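Student: Below is one structure. I have some questions about it.
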Amino acid sequence: MTQDITQIWVYLSASPLLGLTVTLLAYQAAFVLYRRSGNNPLVNPVLIAVFILVLFLTLTVTSYETYFAGSLTAIVSAVLVARMLDASTSTQFSLAPKSVTTPIAMGIAERIGGIPSLTAVLVIITGILGAVGARFVFDAMKVRDPAIRGFAIGIASHGIGTARALQVNEQSGAFAALAMGMNGALTALLVPWLVAGF
Amino acid sequence: MSDEWLPLLVSLLVSTLATLVVTALVMKLCQCSPATTGETP
């Protein structure tokens, strides 16, 4: 039995399947926690999954490349890359598309001279910040309309915020998805144009 | 990058908060229909 587990571990650790498996398990565990907390925004499943993955990568000394090849590892791996980068202008360019969904943001960052991997991290952090904090911001502003809340969270925190909005209210989710799509298209048009005049 | 973590963190926080607030305020000002109720994010 122990030998079987060892063989499975050896196989998984040598392939991208490890990253995919760990990512799915981490997100599933985080989602269970989120549900048990009564959908509390502070127990955001993406945030919890990131912590689990960082812990896993640290404990297993899993390389950046291996995890990246697996799946969602742009999050954790790009954080590691970002820590090693030191380019002021590039950092600014990397920040520019942070509120659109990751594939678009990375494409934009690459075109304008930013750091796509850094951008990926910034995008995820932005998404989590919005998903976790939006409720408190809207409550403080006394904004109750699901359409407004959804649209704002979709613009500010793309897919992660949209997922949060969909989990809580269908109308908010619909507006968040609309805003996310529109913001992605608009940002792809505006950012290169603005950077050209920078 | 170690020199830039603070600007990055502050810009992310401020920008995300500002985006939420400005979008909500603009939509609130432009909205004519009454708000609906229910659980919201």
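Student: Applying the selection to the stretch A:125-144, what residues are facing another protein chain (nearest Cβ under 7 Å), farther than 23 Å from A:GLN92 by Cβ and buried (at least 24 other Cβ atoms within 10 Å of the Cβ)?
Tutor: Selection gives A:ALA134 alone.
This table checks each residue for (1) acidic (Asp, Glu); (2) modelled with pLDDT under 85; (3) more than 20 Å from the chain's Cα centre (by Cα).
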{"site": "A:MET141", "(1), (2), (3)": "no, no, yes"}
{"site": "A:PHE151", "(1), (2), (3)": "no, yes, no"}
{"site": "A:GLY159", "(1), (2), (3)": "no, no, no"}
{"site": "A:THR162", "(1), (2), (3)": "no, no, no"}
{"site": "A:VAL168", "(1), (2), (3)": "no, no, no"}
{"site": "A:GLN171", "(1), (2), (3)": "no, yes, yes"}
{"site": "A:PHE175", "(1), (2), (3)": "no, yes, no"}
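Student: Residue by residue through the stretch A:107-124, note down the ones that are surrounded by fewer than 24 Cβ atoms within 10 Å (Cβ to Cβ) and either facing chain B (nearest Cβ under 9 Å) or hydrophobic (A, V, I, L, M, F, W, C) (or both).
Tutor: Those that are surrounded by fewer than 24 Cβ atoms within 10 Å (Cβ to Cβ) and either facing chain B (nearest Cβ under 9 Å) or hydrophobic (A, V, I, L, M, F, W, C) (or both): A:ILE112, A:ILE115.
Student: If a residue counts only when it is of a type outside the set (Ser, Thr, Tyr) and modelled with pLDDT of 80 or more, which helices (runs of 4 or more DSSP H) contained entirely in the stretch A:27-130 have at least 1 such residues?
Tutor: Fully inside the stretch A:27-130 and qualifying: A:45-60, A:102-112.
The values are calculated or read from the model by the stated rules, or taken from the named source; none is laboratory data. All values derive from a computational prediction rather than experimental measurement. FYI the Cβ positions are ideal-geometry reconstructions off the backbone, even for glycines, and counts take in every protein chain you see.
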